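The values are calculated or read from the model by the stated rules, or taken from the named source; none is laboratory data. Bear in mind the structure is a predicted one, so any value in this text is a computation, not a measurement. Cβ coordinates were reconstructed from backbone atoms using ideal geometry, including for glycine residues, and neighbour counts include every protein chain displayed.
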């Protein structure tokens with residue numbers, strides 16, 4: 001596995017994934033919010049007019065994750081502004097802020113584990129997108145929150161634009177972006193579906209189908225896209241997959257969009273990208 005992780009690190013360096021200048025501007029509205037709730041007895045008044053997509057991002061971290069180090073600036077898991085998976089040019093925050101398909105609404109400061117949250121609204125479809133940046137040291141927390149949300153055991157809401165929108169297990173699609181921490185640590189918790197709802201998932205991390213499937217067998221999820229090998233989980237792949245998802249396209253069409261984007265930015269064939277980005281069990 002060390003040899004494999006070296007290859008992806010080398011790929012990142014060769015292709016020169018650059019950081020965009022997208023720090024949290026002083027004009028961005030920020031505020032503190034409560035941590036994610038995990039109380040099944042809480043009654044939520046969620047606005048079902050809009051669907052939500054919740055992306056859990058484990059910031060790239062040279063120090064606290066089992067990766068071959070990337071350049072120091074983009075591998076600091078405590079600095080989202082310059083991080084490979086958040087503030088860099090192909091990071092979630094920067095890429096979606098530049099997208100013509102999504103309108104940025106707010107940026108929140110959360111807590112010492114979830115360093116930042118961004119909220120977008122789709123320009124034509126009734127979807128909100130929420131992405132949380134987890135301190136890279138707490139990749140296990142990020143992974144657990146993703147798994148608990150996928151099974152419906154973790155739910156939360158957010159008040160925005162006079163609406164109460166659902167987060168975590170209330171989302172129609174839940175995604176994980178980052179290093180596959182399950183290569184490095186064990187999780188003993190069980191993730192059985194708590195409410196009979198099938199949630200769509202996208203997991204962009206190395207060998208995510210192999211490592212995540214064993215934890216999701218009882219969660220009754222629908223894996224739209226996960227991976228069979230080493231990969232670079234940057235924003236263009238999930239962005240283009242979501243283009244098809246919010247339009248109600250078929251799973252093969254969504255997968256093809258993701259593969260085409262990955263092929264374009266990683267300079268590999270679409271066949272190779274389709275072999276990497278697979279769907280279903």
request  = State which residue pairs qualify: first residue in a loop (DSSP other than H, G, I, E, B) and inside the range 195-206, second residue modelled with pLDDT under 95 in any location, beta carbons under 7 Å apart, and separation of 6 or more residues or different chains.
outcome  = 206/8
task = May I ask you to say which residue of 34, 39, 28, 61 is buried (at least 22 other Cβ atoms within 10 Å of the Cβ) and either assigned to a loop (DSSP other than H, G, I, E, B) or at pLDDT below 95 (or both)?
result = 61
message = Can you confirm whether residue 66 is over 17 Å from the mean Cα position of the chain (by Cα) and within 16 Å of residue 140 (Cβ to Cβ)?
response = yes
